[in-house]
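The values are calculated or read from the model by the stated rules, or taken from the named source; none is laboratory data. Everything quoted here is computed from the prediction, not taken from an experiment. Heads up, the Cβs are rebuilt from the backbone with ideal geometry, glycines too, and the neighbour counts pull from every protein chain shown. Accessible surface areas use protein heavy atoms only, side chains included; no ligands, DNA or RNA. Shrake-Rupley method; radii C 1.70, N 1.55, O 1.52, S 1.80 Å.
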Amino acid sequence: PPAEPHEQCARHGREDMANEGMIAETISIKGANGDEIDAYAARPSGDGPFPGVLVIHHMPGWDEWSKEVVRRMAHHGYAAICPNLHHRAGPGPFEEVVARVREAGGSRDDFVVADLEASVDYLLASTSSNGKVGAIGFCSGGRISYMVGAKIKKLNAVVDCWGGNVVVDADKLTPAQPQAVIDMTSEIDCPVLGLFGNDDADPDPEQVNTIEAELKKHGKTYDFHRYDNAGHAFLAWERPNYRQAAAVEAWPEIFAFYEKNLR
């Protein structure tokens with residue numbers, strides 16, 4: 001006889017049971033120092049319960065692609081949120097905002113952690129939450145995802161997508177980012193998924209080796225995937241860096257990882 005819907009879901013993955021309806025909106029949360037931070041949130045229609053996903057945008061900012069990732073998570077059955085971590089750099093075109101962030105030595109790590117913890121709390125406070133939240137970050141957001149895996153103990157899984165400056169020399173540290181994120185590895189309490197392009201320059205393959213060795217040294221649960229013929233931002237479908245072959249392998253890895261650790 002034909003398989004029941006839940007059997008089809010188990011056999012073929014949750015894409016067969018994708019959520020066609022969702023609610024997506026820009027909201028405001030209270031971040032570090034009680035500052036009002038804009039955030040984009042989306043969740044499947046229905047009562048849940050739904051796992052949560054914290055989406056951490058890349059250095060280009062709180063852009064259209066980052067919001068599309070939020071909606072993609074909702075389509076796959078997750079309540080997701082992406083706060084604007086460049087909010088304090090003021091208004092203006094993305095290029096100008098990013099330039100101000102770079103000139104300041106990057107966003108302050110302590111503010112970033114507080115903003116993201118407030119976002120996690122937003123997800124957990126929902127009556128449709130199943131009590132579990134994962135994080136995913138891209139580029140500088142990958143670095144931050146690794147960091148919040150250590151600093152936000154409410155997280156159940158983190159995904160680092162080509163996070164740069166996880167491994168950084170002491171002379172590259174700034175008052176805004178005073179500690180190398182790799183030195184936080186011992187504090188990580190949840191599984192880590194890492195996705196990297198072998199043609200990337202930051203992190204390059206040797207840096208990825210260093211991160212993997214550190215996770216292994218501290219006995220952490222992790223799974224790294226490296227893709228040939230792919231560099232930085234290979235999942236970003238609106239950029240020249242996009243690599244379809246790597247992307248069609250990487251997205252199922254992300255959802256399988258979340259399925260295992262968040263449901």
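Would you confirm whether any residue within region 224-243 is loosely packed, with under 14 Cβ neighbours inside 10 Å, modelled with pLDDT of 95 or more and of a type in the set (A, V, I, L, M, F, W, C)?
Checked against the condition, which is being loosely packed, with under 14 Cβ neighbours inside 10 Å, modelled with pLDDT of 95 or more and of a type in the set (A, V, I, L, M, F, W, C), region 224-243 yields no hits at all.
Can you pull out the helices (runs of 4 or more DSSP H) entirely within region 85-182 that have at least 1 residues that are at pLDDT 95 or above?
By residue number, 109-125, 140-151.
Out of (1) touching a Ser or Thr at 6+ places or on another chain (Cβ under 9 Å); (2) open to solvent by 10 Å² or more (accessible area, probe 1.4 Å); (3) aromatic (Phe, Trp, Tyr), what's the single condition that is false for Phe138?
So the condition that Phe138 fails would be (2).
Quick test for you: out of Asp189, Asp110, Asp169, pick the one residue that is without any contact (Cβ under 8 Å) to a residue 12 or more places away in the chain and surrounded by fewer than 17 Cβ atoms within 10 Å (Cβ to Cβ).
Asp169
Cβ contacts < 8 Å: first residue farther than 14 Å from Asn241 by Cβ, restricted to region 52-63; second residue small (Gly, Ala, Ser) and part of a loop (DSSP other than H, G, I, E, B), any location; separation 6+ or different chain. Result?
Listed by first residue and then by second, the contacts come to Gly52/Ser126.
On the basis of being open to solvent by less than 20 Å² (accessible area, probe 1.4 Å), in contact with a strand residue (DSSP E or B) (Cβ under 9 Å, 6 or more places away or on another chain) and closer than 20 Å to Leu193 by Cβ, does Ala80 make the cut?
yes
Right, Ala74: in a helix (DSSP H, G or I) and either farther than 22 Å from Ala24 by Cβ or in contact (Cβ under 8 Å) with a residue 12 or more places away in the chain (or both) or not?
Here the answer is yes, as Ala74 does meet what is asked.
What are the residues in region 205-219 that are in contact with a Pro (Cβ under 9 Å, 6 or more places away or on another chain) and open to solvent by 40 Å² or more (accessible area, probe 1.4 Å), if any?
Matches in region 205-219: Thr210 only.
Quick one: in region 60-72, of everything that is closer than 10 Å to Ala41 by Cα and not β-branched (Val, Ile, Thr), which residue is least open to solvent (accessible area, probe 1.4 Å)?
Per the criteria, the residue is Lys67.
When you go through (1) over 17 Å from Val181 (Cα atoms); (2) within 18 Å of the chain's Cα centre (by Cα) one by one for Gly194, which number turns out not to apply?
Status for Gly194: all satisfied but (1).
Being of a type in the set (D, E, K, R) and surrounded by 18 or more Cβ atoms within 10 Å (Cβ to Cβ) is the filter; apply it to region 141-153 and report the residue that is farthest from Val192 (Cα to Cα).
Residue satisfying both the conditions and the ranking: Lys151.
Does region 125-135 hold any residues that are under 18 Å from Arg71 (Cα atoms) and open to solvent by 40 Å² or more (accessible area, probe 1.4 Å), and which are they?
Ser126
Out of the residues in region 172-186 that are hydroxyl-bearing (Ser, Thr, Tyr) and surrounded by fewer than 18 Cβ atoms within 10 Å (Cβ to Cβ), state the one that is nearest to Asp223 (Cα to Cα).
Looking at the filtered set, the residue picked out is Ser186.
Restricting the search to region 1-53, which residues are at pLDDT 95 or above, open to solvent by 80 Å² or more (accessible area, probe 1.4 Å) and within 24 Å of Phe257 (Cα to Cα)?
Once the filter is applied, which keeps residues that are at pLDDT 95 or above, open to solvent by 80 Å² or more (accessible area, probe 1.4 Å) and within 24 Å of Phe257 (Cα to Cα), region 1-53 yields Arg43, Pro49.
Being assigned to a loop (DSSP other than H, G, I, E, B) and over 19 Å from Met147 (Cβ atoms), is that true of even one residue in region 222-229?
Yes: one or more hits.
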